[in-house]
Every structure is written in structure tokens, then in C-alpha cells.
Amino acid sequence: MARLSVLPSLLLSLVFASSATSAQVPKEIEVNGVRLPYVEQGSGESMIFVHGAFSDLRVWEPVKEEVAKRYRFIAYTQRYHGVGAWKDDGKEYTTATHADDLTKLIMSLNAGPVHLVGRSGGGRIALTAALTNPALVRTLALHEPAAPSVLPAGSSEEKAASEDRAKFSSAAIEANRAGDLVRAMRLFIEGVWDLEQGGFDRLPEATRTMLMDNARTAPLMFGDPPSRAVTCDALKTFSRPTLVTHGERTRAYFKLINEIIGKCVPGAQQVGFPRLVHNAPSAGPAAFTTALFEFVAKYKGL
């Protein structure tokens, strides 16, 4: 495993669009019987961004402009996320369904092979899609993917990761069981992003709006059965160039998963962002894009 070190040239606040008028109006594309909103900007090799829990394509606003200067930037909103109506009660909310949607999206946009970028739960989805359809992937970049299935069953790493996840998510899970979806989302974000109690209220308005819009996904996310498709053995056969990033102050849960992925994927590169946590791509977009560009530049045209 190769290891890189990147220092952010500037730590930026977590901001999305500066105003409603400056935000890009999403297009829509139909895949697997649902219409997925997406935005694209720029030209050249395609770079597709996959969001995580309680979010949608808006979470990538802090990096969109910079990426679009060099690549065809594409970010989309997964089914059940965003503000659109649901086609059902959420019964198709699974990692496998989201990964297949992503695959069909790449094919429908004639974008492959792509530079695929996923964060948190979106990292698990991107990884699942990449393992299933490696020919569609040029490079893979994962920021703290929520993929505990890579941890060896019964290992000390799995035990430590489970204990840490319980610390930051148990209160949110209880709120979800009680039917308080907004509280569940707030507690989960405060735990994952290492915010103090009530820290959600001090996030930028655009960030809070996006998270509130996606609070309704709480029962789906917490009820999603664990996926065992992504294992270390499967990763050992993955041959696409892979970058794994993390905030150096992030939760042990994510650090443990990152370490195992770095060991299992041949030649995987690791980058840590000083002083940042799980939301590093948004809180430190300059550091994140610098690491991403330096990595991808080695494989342009591959």
C-alpha cells in the first residue's frame, strides 16, 4: 500500500451554493424505473460523485466548480434521497439497488469508464458497483466508506469498529425507533461529524436544509440490511487504481475500515487530511480536490 500526505492549502467552511439563483438546476435521467436528478458541468474524462447518508447531490457543491475546470463533473441524487416523491415505501433501499442504479447511470450517460468518487455510505455503493462492473471504472476514490463488511469477522478490528459505531449512532437509532426522524438525523450527523451537542444548529443554512430534506430516509438507512458483498477477499482481486482518504480526526470506525481497505486493495493509496473529520470533502474542499487531482492525474487516459 502506498501512502501519501496532503496538507490543505486552505480550510474552507462547509458551504454549498451561495444563493438559490447560483445553484444549478438538476436534470433527470430514468434508470431502473426511477428518475434520478443529476448535474453535470465541464468536459473531458467523466468524474462521478456519489453522496452518502442524509444527503444528495448538493453535498458536492464545494468541489463542483474546481472539478469542472478539469473533468466532466457529474453528481446525482440516489433514489429516496433529495426532495422528489418516492415510487414506493422504500422497499428498494438497499446497497445492491443503489449500486445497480449507479451502474445504469454511468451507462445511460455514456460516461464510462469513469473516475468514481464516493463518500461514506456512497463509498460503499461506489465500491460495490466497481467490484461488480470494473470495466466501467477508470479510477476509484473513496472517502471513509461505510463498509464494515471488509473487517474480518470476529476480529479485534470488527469489535472496535462496532463499539465506536454504537457510540455515535445508538442515540440516533433510538430516536428513529421512536419515530422522530429529524432528531435521528440531527443526532447521527452530530455523532459522525464529531460536533458538540446542538452543533447541528450552527451548521450553514444550506447544509441544514439539505440534511433536513433527507431526514425522511432515516428508517430506510437504519433498516437497510448489512451488505456482505464487499469483503477483503473480493478487494484483493480489484485491479483499478484506488485512493482511500480520511480526516485525521475522524471516528475510529472509519479509520479501521480505511486501514483494511488499504491493505486489501492492491496498490491502494491512502491520504489523511489534518484537523478534519468525516465531512472533509465539504469542510476542506481544497485539500480534498488536491489529493483527488494528484491521484487521478497519474491515470488519465487509462
Could you grab the pairs with beta carbons closer than 6 Å, sequence gap of 6+ or different chains, first residue in the range 50-65 and within 21 Å of residue 94 (Cα to Cα), second one among the small types (Gly, Ala, Ser) and assigned to a loop (DSSP other than H, G, I, E, B)? 52/120; 56/82
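Regarding residue 183, is this residue among the basic types (Lys, Arg) and either in contact (Cβ under 8 Å) with a residue 12 or more places away in the chain or touching a Pro at 6+ places or on another chain (Cβ under 8 Å) (or both)?
no
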Single condition residue 230 does not satisfy, out of (1) crowded, with 20+ Cβ neighbours inside 10 Å; (2) out of contact with any Pro (no Cβ under 7 Å at 6 or more places or on another chain); (3) at pLDDT 95 or above: (3)
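Just name the residue that is surrounded by the fewest Cβ atoms within 10 Å (Cβ to Cβ) out of those in the range 148-161 that are assigned to a helix (DSSP H, G or I) and of a type outside the set (Asp, Glu).
Within the range 148-161, the first condition is being assigned to a helix (DSSP H, G or I), and the residues that meet it are 148-150, 156-161.
From what's left, of a type outside the set (Asp, Glu): 148-150, 156, 159-161.
Working: 148: 21, 149: 20, 150: 27, 156: 10, 159: 12, 160: 15, 161: 22.
Taking the candidates together, the pick is 156.
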Would you confirm, using the coordinates I've provided, whether residue 82 is buried (at least 18 other Cβ atoms within 10 Å of the Cβ) and touching a Lys or Arg at 6+ places or on another chain (Cβ under 6 Å)? no
Going through the range 221-230 in order, the residues found to be over 17 Å from the mean Cα position of the chain (by Cα) and more than 13 Å from residue 124 (Cα to Cα) are 223, 225
Picked from the range 26-60 (must be among the polar types (S, T, N, Q) and outside any loop (DSSP other than H, G, I, E, B)), the residue farthest from residue 125 (Cα to Cα) is 41
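Go through the range 40-66 and count every residue that is of a type in the set (Gly, Ala, Ser) and over 23 Å from residue 211 (Cβ atoms). Before the answer, list the steps.
Start the filter on the range 40-66 by keeping residues that are of a type in the set (Gly, Ala, Ser), which leaves 42-44, 46, 52-53, 55.
If we keep only those that are over 23 Å from residue 211 (Cβ atoms) as well, we get 42-44, 46.
Counting residues in the range 40-66 that are of a type in the set (Gly, Ala, Ser) and over 23 Å from residue 211 (Cβ atoms) gives 4.
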Quick one: count up the residues across the range 110-140 that are buried (at least 24 other Cβ atoms within 10 Å of the Cβ), of a type outside the set (Val, Ile, Thr) and farther than 18 Å from residue 277 by Cβ. 8
In the list 132, 103, 77, which residue meets the criterion of being over 26 Å from residue 282 (Cα atoms) and β-branched (Val, Ile, Thr)? 132
When every residue in the range 161-211 that is under 18 Å from the mean Cα position of the chain (by Cα) and of a type in the set (Ser, Thr, Tyr) is compared, the one nearest to residue 55 (Cα to Cα) is 207
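Matching residues to (1) free of Cβ contacts under 8 Å to residues at least 60 places away in the same chain; (2) hydrophobic (A, V, I, L, M, F, W, C):
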{"site": "68", "(1), (2)": "yes, yes"}
{"site": "74", "(1), (2)": "yes, yes"}
{"site": "86", "(1), (2)": "yes, yes"}
{"site": "130", "(1), (2)": "no, yes"}
{"site": "133", "(1), (2)": "yes, no"}
Matching residues, the range 241-296, being of a type in the set (S, T, N, Q), assigned to a loop (DSSP other than H, G, I, E, B) and buried (at least 24 other Cβ atoms within 10 Å of the Cβ): 279
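The values are calculated or read from the model by the stated rules, or taken from the named source; none is laboratory data. Computed from a prediction, not measured in an experiment: that's the story for all the values here. Note: ideal-geometry Cβ built from the backbone for every residue, glycine included; neighbour counts use all protein chains shown.
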